[in-house]
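Reviewing the structure listed below.
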Amino acid sequence: MPDEPISLPANASVPRHIAIIMDGNGRWAQKRYLPRAAGHQAGVKTVRDIVDYCARHGIEVLTLFAFSSENWRRPKEEVSLLMGLFMATLQREVNKLDKNGIRLRFIGDRSAFSPQLQEKIVAGERQTEKNTGLTLVIAANYGGRWDMCQAMRKIAAMVKADELSVDDIDEQVINRQLSIADLPEPDLFIRTGGEKRVSNFLLWQLAYTELYFTDTLWPDFDQQCLEKAIEDFATRERRFGHTGEQIYAKNPG
Ligand code: IPE
Ligand code: IPE
Ligand code: MG
């Protein structure tokens, strides 16, 4: 692709899409000799603050990793506590999100959730679907590998039905079948809690995302911490395979 134009975000210093692995709830509680549940509860307050910040600062998309496809491996009591917390939080927060113009979306295999939780998810999405403010994407029972598998199944079905030829399968075709295909790719990835790994989060979509890791545990991650991450992002030069000189020529100063 020799003459492909350099496509950069219009205002490269502000991320359009922030994706966060909210990690460290358990350790936050353990440090205080509290049950892990207390850490998850404290984490919900952080979610509120971070959503509020993003909505007020014109961030277009915030994707939060709430429960991975691997988190079912946790003790049964913790899994059911987390499910209860999702349910209660949805019940309590959807009207407020709606009032603030926030559009709520869920990604992940929701079929594993209880029928009641699935209903709440659909209702929350429906109630807020016309909103034009922040899009809040909750990744629940989500895994990047799961996302790719479900996309492959859809593509294979299209080939089988003669709607698509194998030679036409390209990045766009695959991307279109993945979750959040209609949203801008994440510009900034944040992981709290000190681990420096992606843990099966948005594997395909993170191809050119700027990565930011902090030791701060999720319940301690406040609006100032987010601001610091956004400031750090603003210092990054995103080259998308080009040279620094090419980028400078397009965006002098
Ligand atoms: C993240 O916090 C929340 C979920 C995975 C649901 P953790 O529960 O993983 O906290 P740590 O990593 O054990 O401290
Ligand atoms: C990643 O955190 C998933 C979520 C935050 C929901 P984990 O705590 O499950 O990740 P690992 O197991 O340490 O990689
Ligand atoms: Mg963890």
Long-range neighbours under 9 Å by Cβ, at least six apart or interchain, first residue open to solvent by 40 Å² or more (accessible area, probe 1.4 Å) within the stretch 54-73, second near ligand 1 (Cβ under 10 Å from one of its atoms) and outside any loop (DSSP other than H, G, I, E, B): W72/V79; R73/V79
Within the stretch 96-105, considering residues that are open to solvent by 30 Å² or more (accessible area, probe 1.4 Å) and in contact (Cβ under 8 Å) with a residue 12 or more places away in the chain, the one nearest to Y53 (Cα to Cα): N100
Residue list for the stretch 128-147, restricted to those being closer than 13 Å to I180 by Cβ and either touching a helix residue (DSSP H, G or I) at 6+ places or on another chain (Cβ under 8 Å) or loosely packed, with under 15 Cβ neighbours inside 10 Å (or both): L136
Subset of the stretch 196-210 [closer than 19 Å to A151 by Cα and either within 16 Å of ligand 1 (Cβ to nearest atom) or in contact with a helix residue (DSSP H, G or I) (Cβ under 6 Å, 6 or more places away or on another chain) (or both)]: N200, F201, L202, L203
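So that you can scan it fast, the table gives a plain yes or no per residue for (1) in contact with a helix residue (DSSP H, G or I) (Cβ under 6 Å, 6 or more places away or on another chain); (2) modelled with pLDDT of 90 or more; (3) over 18 Å from E195 (Cβ atoms); (4) of a type outside the set (F, W, Y):
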{"residue": "Y212", "(1), (2), (3), (4)": "yes, yes, no, no"}
{"residue": "D220", "(1), (2), (3), (4)": "no, yes, no, yes"}
{"residue": "E227", "(1), (2), (3), (4)": "no, yes, yes, yes"}
{"residue": "I230", "(1), (2), (3), (4)": "no, yes, yes, yes"}
{"residue": "F233", "(1), (2), (3), (4)": "no, yes, yes, no"}
{"residue": "R236", "(1), (2), (3), (4)": "no, yes, yes, yes"}
{"residue": "I247", "(1), (2), (3), (4)": "no, no, yes, yes"}
{"residue": "K250", "(1), (2), (3), (4)": "no, no, yes, yes"}
{"residue": "G253", "(1), (2), (3), (4)": "no, no, yes, yes"}
Residue that is surrounded by the most Cβ atoms within 10 Å (Cβ to Cβ), among those in the stretch 111-127 that are over 18 Å from the mean Cα position of the chain (by Cα) and closer than 24 Å to G58 by Cα: Q127
Residue in the stretch 35-57 that is among the β-branched types (V, I, T), modelled with pLDDT of 95 or more, within 15 Å of ligand 3 (Cβ to nearest atom) and assigned to a helix (DSSP H, G or I) present: yes
L206, sole failed condition from (1) touching a Pro at 6+ places or on another chain (Cβ under 7 Å); (2) away from ligand 2 (no atom under 15 Å from the Cβ): (2)
Residues that are without any contact (Cβ under 8 Å) to a residue 60 or more places away in the chain and either part of a loop (DSSP other than H, G, I, E, B) or β-branched (V, I, T) (or both), drawn from the stretch 199-235: L203, A207, Y208, T214, D215, T235
Some residue of the stretch 150-169 being touching a strand residue (DSSP E or B) at 6+ places or on another chain (Cβ under 8 Å) and open to solvent by less than 20 Å² (accessible area, probe 1.4 Å): no
Test for Q224: is it among the polar types (S, T, N, Q) and open to solvent by less than 20 Å² (accessible area, probe 1.4 Å): no
Residues satisfying the stated conditions in the stretch 41-53, i.e. buried (at least 17 other Cβ atoms within 10 Å of the Cβ) and closer than 9 Å to Q223 by Cα: T46, I50, Y53
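The values are calculated or read from the model by the stated rules, or taken from the named source; none is laboratory data. Since the model is a prediction, treat every value here as computed from it, not as a measurement. Positions of Cβ are generated from backbone atoms using ideal geometry, with glycine treated the same way; all protein chains shown enter the neighbour counts. Heavy atoms of the whole protein, side chains included, go into the accessibility calculation; ligands, DNA and RNA do not. Shrake-Rupley method; radii C 1.70, N 1.55, O 1.52, S 1.80 Å.
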